[in-house]
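Student: Below is a structure I'd like to ask you about.
The values are calculated or read from the model by the stated rules, or taken from the named source; none is laboratory data. This one's a predicted model, so the numbers in the text were calculated from it and none came from an experiment. Here the Cβ positions follow ideal geometry from the backbone for every residue, glycine too, while neighbour counts run over all protein chains shown. Side chains included, ligands, DNA and RNA excluded: accessible areas come from the protein's heavy atoms. Shrake-Rupley method; radii C 1.70, N 1.55, O 1.52, S 1.80 Å.
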Amino acid sequence: MAIREIADGLLALAGTTLAFETDPSLVRPVEVPVLRGDPGLLAAATGWKPEIPLEQTLADVLDYWREHAD
């Protein structure tokens, strides 16, 4: 999942929109354009598996900041 997808999910939960723009002057020439991992390998090596869906985590983060933003 791309960071952009996570940000879009958080914005959707917040009920707002935001335009994302890439500043070309901040992009490093050695930047990796796509980085993929295999969650199956992590599960096989450690026995770990997610118990809380990402959508719930995003909702919890949004709720936290709504309660603590002053």
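Student: Under a 1.4 Å probe, what is the accessible area of the chain per residue, stated in Å²?
Tutor: On a per-residue basis, the chain sits at 94 Å².
Student: With N residues in the chain, what two-decimal value do you get for its Cα radius of gyration over 2.2 N^0.38 Å?
Tutor: Rounded to two decimals, the normalised Rg is 1.46.
Student: At 1.4 Å probe size, with no ligands or nucleic acids counted, give the accessible surface of Arg4 in Å², nearest ten.
Tutor: 120 Å²
Student: Further question on the same structure: Would you mind working out the magnitude of the charge dipole of the chain relative to its Cα centre, with +1 at each Lys and Arg C-beta and -1 at each Asp and Glu C-beta, to the nearest 20 Debye?
Tutor: 300 debye
Student: Additional query: Under a Cβ-Cβ cut-off of 12 Å, what is the net charge of the residues other than Phe20 that fall near it, where Lys and Arg count +1 and Asp and Glu count -1?
Tutor: Net local charge, Phe20 excluded: -3.
Student: Kindly report, to the nearest 10 Å², the accessible surface of Asp8 as traced by a 1.4 Å probe over protein heavy atoms only.
Tutor: 70 Å²
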